[in-house]
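Right, one structure below, let's go through it.
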Amino acid sequence: MAGNEDRRAVRTKGNLKKALLALLKEKDLLDITITEVAQLAGCNRVTFYSHYKDLQALLSAIVDDYLEGLVDNFRRSFKNQKSIAANDVDRQLPIFEFIYENQFIFSLILKGVVLPGSQNQFCESLVKVSGTELELKEKSVVEIPVLNYFSTYGSLGFFLYWAMGDFKEPPEVMAKKLAYLQGKMFVEAKVRT
């Protein structure tokens with residue numbers, strides 16, 4: 001019986017997330033009510049409050065889900081490899097494809113307007129992975145954490161540029177451009193085992 005309740009809770013949370021995203025496509029967060037979200041999700045306000053404190057908490061949970069997916073795609077880009085070249089387009093591509101497939105939510109995250117701090121969350125999720133699972137092969141006069149933050153937050157500007165242009169360029173083109181830029185900063189990184 002507890003398993004059914006857990007599945008029901010997961011399904012309800014998923015429905016609430018989908019409902020909020022659907023409403024955000026129509027209007028600003030400040031113009032959306034909890035009642036609207038709950039009704040669209042097929043539940044009531046009490047059910048909403050049993051899962052989330054407010055709409056910000058729900059939006060934060062949505063962002064967390066998508067950033068987790070982003071990290072999974074980042075890891076996929078170097079899975080089963082011993083080292084990766086900075087200018088390897090295939091390494092960049094999974095991230096760009098994931099963002100492209102989820103343009104709406106990543107537009108909100110990258111622009112940082114709806115959920116303050118989401119840009120930092122975006123960067124910190126990538127910094128954490130690259131800082132713990134990758135290391136430079138060559139020596140650097142710049143400390144590795146500094147280079148990691150510079151590269152990641154610089155990439156934020158790159159992704160933001162893409163979002164501001166409504167993702168018009170395909171993921172392959174953007175991955176090639178970022179690979180070129182990163183290839184100018186370092187040559188190769190090795191994957192920690």
Q. Identify, please: which residue in the stretch 38-83 is of a type in the set (Phe, Trp, Tyr) and within 16 Å of residue 12 (Cβ to Cβ) and is, among those, surrounded by the fewest Cβ atoms within 10 Å (Cβ to Cβ)?
A. 49
Q: Please work out if residue 99 is in a helix (DSSP H, G or I), under 12 Å from the mean Cα position of the chain (by Cα) and modelled with pLDDT of 95 or more.
A: yes
Q.
Can you tell me which residue is farthest from residue 165 (Cα to Cα) among those in the stretch 61-81 that are in contact with a Leu (Cβ under 8 Å, 6 or more places away or on another chain) and assigned to a loop (DSSP other than H, G, I, E, B)?
A. 78
Q: Identify, from the list 105, 84, the residue that is assigned to a helix (DSSP H, G or I) and either modelled with pLDDT under 95 or in contact with a Leu (Cβ under 9 Å, 6 or more places away or on another chain) (or both).
A: 105
(Q) The conditions are (1) over 29 Å from residue 174 (Cα atoms); (2) without any contact (Cβ under 8 Å) to a residue 24 or more places away in the chain, and residue 22 fails exactly one of them. Which is it? (A) (1)
Q. Which residues, taken from the stretch 164-184, are part of a helix (DSSP H, G or I) and within 19 Å of the chain's Cα centre (by Cα)?
A. 164, 171, 172, 174, 175, 178, 179
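The values are calculated or read from the model by the stated rules, or taken from the named source; none is laboratory data. A quick note: this is a predicted structure, and the numbers were derived from the prediction, not measured. With ideal geometry, Cβ positions are generated from the backbone for all residues, glycine too; neighbour counts draw on all protein chains shown.
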